[in-house]
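What follows is a single structure, written as structure tokens, with notes after it.
The values are calculated or read from the model by the stated rules, or taken from the named source; none is laboratory data. Predicted model, so just to flag it, every value in this text is computed and none were measured. Here the Cβ is made from the backbone with ideal geometry for all residues, glycine too, and neighbour counts use every protein chain on show.
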Amino acid sequence: MSITLRPQMRDASPPFTNSPYADVILRSSDNVNFRVSRHILCIVSPVFVDMFGSPKDTDSITPGGTDGMPVEYVTEDAATLDLLLRWCYPVVHPPLKTLDDARRMVTVTTKYRIHAFGETVYDALHAHIEHDPLGVFEIAIANSLGETAQRAARGALKIPLSEVTSSTSSKRLGSSLVTFMQYYLACGAAASAVTARRNFFIKLPDLVYDATEQIELPHFHQCCVIDPLSVDPSWSAPRALWQFLDATGRALLLHPDQSAFASLKVEEYCNGTCTRRDFDGTLSQNTKLFHEILSREVNAEIDLVPIPEFVTPMPLEEIS
């Protein structure tokens with residue numbers, strides 16, 4: 001039988017050591033003593049008021065603590081408790097540089113109902129959506145932060161589906177994972193559908209033509225074909241452009257973000273009478289412009305997909 005030993009008891013760092021204003025010890029889950037002022041903590045959090053009773057009520061706290069000071073045991077570890085207390089005290093607030101710092105603060109401010117920090121802490125959490133949207137999504141779901149979950153879900157579209165399914169936990173997210181995947185796939189379908197539309201097409205020299213106009217094409221555009229999907233006008237372009245759009249549509253299904261086709265180039269699909277070397281000058285500039293136009297259309301279409309409301313996690317086995 002294994003025996004789990006509690007860490008050796010030690011004192012926290014200043015200002016939570018021998019302050020003359022401290023009147024209670026908060027003992028963390030890993031056995032670190034924080035000497036604090038009930039008056040300060042009760043101003044910040046109603047949960048501390050319930051924990052301590054009135055700051056004038058000395059009978060509400062466990063007696064027999066270190067140095068004759070009463071002790072309250074809390075479930076937070078020392079790192080989390082230190083972060084929380086430094087935000088409660090009139091000292092410099094530690095910056096929430098990492099996602100783990102933001103997670104700790106979101107969790108404890110929610111638990112202790114500290115509304116004064118809310119906007120600042122949530123802003124710090126939102127700042128991590130850019131580089132870890134799925135991490136933020138999991139924190140938001142765990143703390144019932146619906147708006148943050150929606151922001152993170154939108155940000156997570158930049159991650160390919162294969163990475164989403166391998167890095168998210170159904171145990172932690174429960175039914176919210178199902179809701180997120182439905183949203184992700186709906187965005188994929190909407191983004192992919194853009195590549196089959198022609199309403200965003202414009203005439204681009206050496207690349208996209210109005211097939212009804214009589215113009216002299218460059219020698220390498222003998223491979224131009226009229227798109228059967230377009231009418232009034234009918235668009236004509238090198239076969240490579242239509243093949244690029246087909247490939248882009250397939251990529252967007254499983255990764256509804258412009259980054260899905262950022263590495264795809266029209267010239268990569270050259271065959272027949274045109275070559276990659278033909279894609280230079282005006283043609284090269286206009287393939288880049290077409291790429292930008294397509295990116296805007298994809299983003300606009302994804303923005304039209306309603307982001308669902310996410311709820312507190314429910315185990316997947318409870319979903320009927």
Test for residue 25: is it outside any loop (DSSP other than H, G, I, E, B), touching a Cys at 6+ places or on another chain (Cβ under 9 Å), of a type in the set (A, V, I, L, M, F, W, C) and touching a residue at least 24 places away in the same chain (Cβ under 8 Å): no
Matching residues, the stretch 124-148, being touching a residue at least 40 places away in the same chain (Cβ under 8 Å) and of a type in the set (Gly, Ala, Ser): 140, 142, 144, 146
Number of the exception - residue 76 against (1) modelled with pLDDT of 90 or more; (2) part of a helix (DSSP H, G or I); (3) not hydrophobic (A, V, I, L, M, F, W, C): (2)
The stretch 123-136 - residue that is buried (at least 17 other Cβ atoms within 10 Å of the Cβ) and over 15 Å from residue 101 (Cα atoms) and, of those, modelled with the highest pLDDT: 133
Count of residues meeting criterion [surrounded by 15 or more Cβ atoms within 10 Å (Cβ to Cβ) and either of a type outside the set (Val, Ile, Thr) or outside any helix (DSSP H, G or I) (or both)] in the stretch 40-51: 5
Pairs, first assigned to a loop (DSSP other than H, G, I, E, B) and surrounded by 16 or more Cβ atoms within 10 Å (Cβ to Cβ) in the stretch 300-320, second of a type in the set (A, V, I, L, M) and at pLDDT below 90, C-beta under 7 Å, six or more apart: 310/141; 313/141; 313/173
Residue among 220, 201 that alone is in the same structural domain as residue 291 (by TED's automatic domain parsing) and modelled with pLDDT of 85 or more: 201
Subset tally (residues that are closer than 16 Å to residue 45 by Cα, hydrophobic (A, V, I, L, M, F, W, C) and assigned to a loop (DSSP other than H, G, I, E, B)) for the stretch 79-115: 1
Single residue of 252, 264 found to be at negative phi, of a type in the set (A, V, I, L, M) and modelled with pLDDT under 90: 264
Where residue 118 falls short, out of the listed (1) assigned to a helix (DSSP H, G or I); (2) under 15 Å from the mean Cα position of the chain (by Cα): (2)
Residue list for the stretch 184-199, filter: assigned to a loop (DSSP other than H, G, I, E, B) and more than 19 Å from residue 224 (Cα to Cα): 199
